[in-house]
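Undergrad: If you scroll down you'll find the structure; I have some questions about it.
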Amino acid sequence: MEKIFDATERIILESGAERISILDVCRIADMSRGTFYRYFDSQEDLLDAFSEYKRESFYQMLAEALESCTTPEERLATMVSYLEDYLANGNPRRMLLVAPGFALKFLKRIFRDAVVRFQVFLSPVFDAWDQRLGVKLDRELICDLMVRLVMSEQLVEGETERGAIPQQIGQLVIALRLAGIHEKKHPTGRASRVSRR
């Protein structure tokens, strides 16, 4: 399977997802078509499985990187470093250039899952922030914005200096904390927006 996925990635990065052929995958992976068809029914089936493989590999390596972290600060720094390395050394930008339709479909497909997984990975960090700030932060919103930041970095290369992402995340948390708007009941029983905390 790994040989097939490696061959698939090589072809996509060289000529795009539209031009991928089962014959080329078999040739590069050095296997027969019969062996290929034991795992996949079609080109579409292969591309779906490849997308899933890339997503799960990304999270598995991130989880391994976070295993040794002992403090929330170290956990956040490790996660941000992993994301920066992924953007700098991975293939996401190349994929967008060569196979934009496939890459955008992939990003859309993984977006909601990424928000959920970021919340899990950063749970100890959020716990520490909640305690320090004395307020429960909207974890889903923060992770939604973090995922959007990482995805936008893939689209707009070189706009953010290396090391700037943790600073941006910190500013985001402070802004959400200071600009938090909360519901308060009127004497009439209706809810209304009230001033900042």
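Undergrad: Quick one: which residue in Glu140, Glu153 is surrounded by 14 or more Cβ atoms within 10 Å (Cβ to Cβ), of a type in the set (Asp, Glu) and in a helix (DSSP H, G or I)?
TA: The conditions single out Glu153.
Undergrad: Quick test of your reading of the structure: Ala114 fulfils all but one of (1) exposed (fewer than 12 other Cβ atoms within 10 Å of the Cβ); (2) among the small types (Gly, Ala, Ser); (3) at pLDDT 70 or above. Name the failing condition by number.
TA: (1)
Undergrad: Sticking with this one: Restricting to segment 10-20, count the residues that are surrounded by 16 or more Cβ atoms within 10 Å (Cβ to Cβ) and part of a helix (DSSP H, G or I).
TA: Number satisfying all stated conditions: 2.
Undergrad: Has segment 73-81 got any residue that is modelled with pLDDT under 95 and within 18 Å of Arg10 (Cβ to Cβ)?
TA: Checked segment 73-81: no residue is modelled with pLDDT under 95 and within 18 Å of Arg10 (Cβ to Cβ).
Undergrad: Same structure again: Quick one: in segment 22-59, of everything that is open to solvent by 40 Å² or more (accessible area, probe 1.4 Å) and among the hydroxyl-bearing types (Ser, Thr, Tyr), which residue is nearest to the chain's Cα centre (by Cα)?
TA: Within segment 22-59, the match that is nearest to the chain's Cα centre (by Cα) is Tyr53.
Undergrad: To continue, here is another question. Restricting segment 37-58 to residues that are touching a residue at least 40 places away in the same chain (Cβ under 8 Å) and touching an Asp or Glu at 6+ places or on another chain (Cβ under 9 Å), which is nearest to Lys108 (Cα to Cα)?
TA: Restricting to residues being touching a residue at least 40 places away in the same chain (Cβ under 8 Å) and touching an Asp or Glu at 6+ places or on another chain (Cβ under 9 Å), the top hit is Arg55.
Undergrad: Does segment 123-133 contain at least one residue that is among the β-branched types (Val, Ile, Thr), farther than 29 Å from Gly16 by Cα and in contact with a helix residue (DSSP H, G or I) (Cβ under 6 Å, 6 or more places away or on another chain)?
TA: yes
Undergrad: Follow-up. Return yes or no: is Phe102 surrounded by fewer than 17 Cβ atoms within 10 Å (Cβ to Cβ), in contact (Cβ under 8 Å) with a residue 12 or more places away in the chain and on the phi < 0 side of the Ramachandran plot?
TA: no
Undergrad: Okay, next question. Keeping to segment 118-137, report how many residues are β-branched (Val, Ile, Thr) and surrounded by fewer than 17 Cβ atoms within 10 Å (Cβ to Cβ).
TA: 2
Undergrad: Say whether the condition of being within 22 Å of Asp113 (Cα to Cα), in contact (Cβ under 8 Å) with a residue 24 or more places away in the chain and of a type outside the set (Gly, Ala, Ser) is met by at least one residue in segment 61-71. Please lay out each step first, then the result.
TA: Taking segment 61-71 and keeping what is within 22 Å of Asp113 (Cα to Cα), we get 61-67.
This time we only want the ones that are in contact (Cβ under 8 Å) with a residue 24 or more places away in the chain, so: 62-63, 66.
Now restrict to residues that are of a type outside the set (Gly, Ala, Ser): 62, 66.
There is at least one residue in segment 61-71 that is within 22 Å of Asp113 (Cα to Cα), in contact (Cβ under 8 Å) with a residue 24 or more places away in the chain and of a type outside the set (Gly, Ala, Ser).
The values are calculated or read from the model by the stated rules, or taken from the named source; none is laboratory data. Please read these numbers as outputs of a predicted model, since none were measured by experiment. No Cβ is skipped: glycine too gets one built from the backbone with ideal geometry, and neighbour counts run over all protein chains shown. SASA here: full protein model, heavy atoms, side chains in, ligands and nucleic acids out. Shrake-Rupley method; radii C 1.70, N 1.55, O 1.52, S 1.80 Å.
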